[in-house]
Every structure is written in C-alpha cells, then in structure tokens.
Amino acid sequence: MRLQLRGALVLASAAAVLLAGPGPVRAEGDASARMTVFRESSKLKGNDGITVFHPQVDASGTLGSSLQVTAGWNADIVSGATPAVYGPVTGPDAISSATRFTDTRNAAHGGFDYMSGTVSLSAAYEYAQESDYKSHAVSVGARGDLFDRNLTLALAYTHNFDSVCNNNNTNVQGPLDLKPLPTSKHCFQNQPDVVTEPLDIDTLEPSLTWTATPRLLLQGGGTIQILDGFQSNPYRSVLVGNQHRTPQENEPRYRQRYAAFLRTAYALPALRASLSLMGRAYRDSWDVRAGTGEIDFQKYLATFLLLRVRGRYHQQTGAVFFRTGDEYRSKGPAGQYWSGDRELSPMHTILFGGKLSYLQAAQQGQALLAVFNELELALKFDYLIYGLDSTCPVGTDCGPNGDRDHAVLLQVAFALKF
Amino acid sequence: MDLRSCFRAAVAVLALTGLCLGAGGCATRRYAVKPSEREYLADRIMRFDAEPQEEAAEQHVLTNREGAMGGSGTAGGGCGCN
C-alpha cells in the first residue's frame, strides 16, 4: 500500500507541474492525492472481516478565464470474508462460516466546467470496472448565482449504464431455484455459465444555497434516484422455509429513492471557527425510511493548523421484504423477494471522528516550492458503530453480518494548489 | 420505468425550487448580504464544497454501509459493493 500512495503522490505532483506549465503564462489548478483505509473486523474467530484500501488522485486546471478541466482516478482494493449464505443463528441450520474474497475496482473520470458570468455548466464521465461489475456514468450539471449572488441554484443529473455479472439462471422454474454465482472467473467473457445483467440508474440532485447573513449559510436540496435492473448480490444465498432451500438472493429490479436535506454553516469569528448542522430524510419504494443528523465543528488552532470534529447519527427501517435469518427459516420469504443485505435491515449507525490539517499558503511574491500557492496535509480518523435493530433470539446477533459491530476509517491526504 | 411517478417527482422538485426561489428572492431583496460583508463566508471552513474528494470518499463508504443515500451531490460511477 505504501507503493500505491507513493505512486499516487508522484502522479498528483506530476499532474500539478504539467498543468502549471513553464514560463510566465500559467494556468491555475490543483492536484490532490488521498488514501482511505476502511477496516471492519469480525467478532468471530477465523473471520477476517473486510479491509478496503481506497486511493484517490484528482487534478484540475483552468484554461483561460472560462474553462476548467478535471481528471482523476480512484480504486477499491478489497479483501475479507463474508457468509455466502444468510441464514439463522440458532438451531442445526445456523450459519457460521464465511467465504474469503478479494477484488479490485478501478475508476477513472474526466470532465469540464464552463463558466460565464454567474452561470456555469458542467459535464463529466466516469468509467469503473471490477471483476464482476462495469459502470459508465455520464453527468451534467448547471449552476447559477442569483440576486447579487445571495442565492445559488444548482442542478445535477447522472445516468449510469451499469453491467452486473450473474449466474446463468435462464432456465430455472421459479425464484426458489435461482443459483448464486460461484466465482467471477468467467464474467464478461461470453461464457455459457454466466450472463451480464443491465442496471440503469438515473439520479437528479437539485440544491439551493442561501447567504442568509454575513455569518450564516443555508442549503437545502434533494436527491431523486431511480434504479432499473439487477440489484441483488449475485454471490449470496438466503435460507428460506423449513425445507431449508438456499436460493440466490432475490431483490426487486426496480427501486425509487428520495432524499431531502437541509444544512447550515455558521461562522464564529471570535473563535476562528464554524459550526455546521445537517439533517436528511430518506424514503424509497422498498419501504426503507431513514433519518440522518450530523454536527460538525471546525476551528483554526493556528494559521496553519485546522481541526475538525464531528458526530453523525443515522436510523433506518428495514425493507418491506427483509427478515432475519431465523424468520426466513420459520416463516419463509415475505412475498417473492428475500435478502441478506445488512443495508436493507432495520439498523442505526453512529459516527464520530476528527481531522487535523496542516495548511501552508505562499507568502506575497514567494511561491511554495517555486510553483505552488497552497499546500495541505491532512490526517483523518472516523469510528463507525453499527447497531442492528432486528428482533433477535435472546443473546444472539441475528441481523446480517451481526458479528461486525464497528468499523474504523483512516485517511491521509495531500493537496497542492497553483 | 414508471413515468407517472417520475413526472410527479419532477413537478414536486420544480414547485419546491420555485417556492424557495420566491421566498429567497423576497428575503434577499430586503436582507441581501453585500460583497463587503462576506469575509467570513469566503473561508474554507464555511464552504459546503471545500473538500469534494474527501466528500466523495465518505459518501462511497456511507452509501455502501447504510440503506439511505443522497444529499451530498456526489453521484458518479457505480460499483458492486454489496
């Protein structure tokens, strides 16, 4: 992983130098590299949990007075273990073993922003690929400042043309006969034992920002997302019914998701700090309903040192077709759908963390390292607690991945502006 | 795709946007913040989009670990992360 971060830093610095250009005629821009490590450990012996390394490199440059171009790359390097069958935690059918897996996802993106007066238009494209999933995402956006720049209206739209590898279940009699995908070995290779399922995603995000007072910013907006296609985990099976059948996870192919949020930032100049609050309400057509709240405090400890601390709480209900493993065994499925996805179960999360940033700006007439105007180094740590709210037999964790009750995120970042 | 639901959603969004613009416009004319009064607002700790790369990484984690999404403006490439 040190090689990954070193390579990312070299790439970011090279991009910055190239975009800066030689001589007196120079573009403006910035380059940044970041590495996030996500670690979710298991309480079970012999279960490695999940570890994800997420490197990111981004660069942007201004060409002339109206055009800004951006490009970047990020990846997910995933390893861990997860149960291949979601089932009960008690009785002879209790599921305790986990299947090990590793995978790498690479994503590259590019785009541009065109600015004219108080209006800007943007467009971007991202391609992402892993062994069993491919994604093409096209985004367009518009942004306008109104009423002496006291209001900013923004609208963004993204369409995903995604492809998911799945086991070839073309000739099955019904959903209880669906077989899981055993391995991604033959994915996207026109082999007869696998198929490629489409997944189209449309996302619309309007927002309105209001400069309410010299110290107060308010922002409201929402997200509307429509997913049409294969959305189950192709590797996961669910034990349903007292005949102990374990068909592939079967989630509906259509989902509408809605979220509305409100956030505020208030300046505290006497403390050289700011306080931010955010609230979000969410609902979707699978009947998952959620509320999220966040508080964020940032303060300059010195001119070159910025501290951020925050807390976040999220609470959600489960999907209408979700049941615990014991309930799937005793009652069977809720209709024709079943899932072992923790994110579709009733649950809550608590996150708290902090970030320390070292900031260095060029003094008048003297650039940093002869080229740059600003430099930033940051270290961030977050602790995420999962609380599964399924009704379980006494003394058991019967929700999906009930053996994992927390995760840690560590992030190191490096950014340059010129 | 359910076109009727899409249409209803789009109308709701536009109506809400128009309402906000109308309310904001009325408030703004009377209580507009002048450029000379924006010194605190220009600081990075007052900007919602100060760290887009960090926000993208965070949303990537949270949308794959929770059942909700949205409200951050970082839609992009999909993944088989379930």
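Brief remarks follow.
- Charge dipole magnitude, Cβ of K and R +1, D and E -1 - the range A:220-370, Cα centre, debye nearest 20: 300 debye
- Leading residue at positive end of dipole, chain A (Cβ point charges), from A:Thr36, A:Ala260, A:Thr391: A:Thr36
- Equivalent ellipsoid of the range A:204-262: semi-axes from √(5λ) of the C-alpha gyration tensor, largest first, are 44, 12, 8 Å.
- Highest-fluctuation residue, A:Pro88, A:Pro214, A:Pro55 considered, GNM on chain A with Cα pairs under 10 Å: A:Pro214
- Modelled spin-label separation between A:Thr183 and A:Tyr127, with each label point placed 7 Å from Cα along the Cα-to-Cβ direction: 2.7 nm.
- Cα coordinate range in chain A, projected on the principal axes (Å, largest first): 77, 49, 43
- When the Cα convex hull of the range A:143-208 is projected onto planes of every orientation, the mean area is 7.1 nm².
- Accessible-area composition of the range A:92-246, carbon plus sulfur, in percent [1.4 Å probe]: 56 percent
- 1.4 Å probe, heavy atoms, protein only - residues of the range A:122-137 losing at least 40 Å² accessible area vs chain alone: A:Tyr133
- Area of A:Phe381 that stays accessible when all protein chains are in place (1.4 Å probe, Å², to 10): 100 Å²
- Peptide A:188-199, shielding by other chains (average Cβ, 10 Å cutoff): 0
- Counting heavy atoms of the protein chains alone, A:Tyr358 has an accessible area of about 80 Å² for a 1.4 Å probe.
- Within 10 Å of each Cβ in B:36-45, the average number of Cβ atoms from other chains: 6
- Of the residues A:Thr158, A:Thr82, the one with the largest accessible area comes first in the ranking A:Thr82, A:Thr158, computed with a 1.4 Å probe on protein heavy atoms.
- Take each residue in B:52-64, count the other chain C-beta atoms within 10 Å of its C-beta, and the mean is 6.
- The range A:292-418 - Rg over Rh from alpha carbon coordinates, Kirkwood radius: 1.24
- Probe 1.4 Å, accessible area per residue of chain A, Å²: 47 Å²
- Against the empirical curve 2.2 N^0.38 Å, the C-alpha radius of gyration of the range A:168-289 lands at a ratio of 1.66.
- Degrees separating the helix A:2-20 axis from the principal Cα axis of chain A, which is the longest one: 40 degrees
- Note on A:Thr104 and A:His159: the model spin-label points, each 7 Å out from Cα along the C-beta direction, lie 3.2 nm apart.
The values are calculated or read from the model by the stated rules, or taken from the named source; none is laboratory data. Here the structure is a predicted model, which means the values were calculated and not measured. Ideal geometry is used to build each Cβ from the backbone, glycine not excepted, and the neighbour counts take in all protein chains shown. These accessible areas exclude ligands, DNA and RNA; they are computed on the full protein's heavy atoms, side chains included. Shrake-Rupley method; radii C 1.70, N 1.55, O 1.52, S 1.80 Å.
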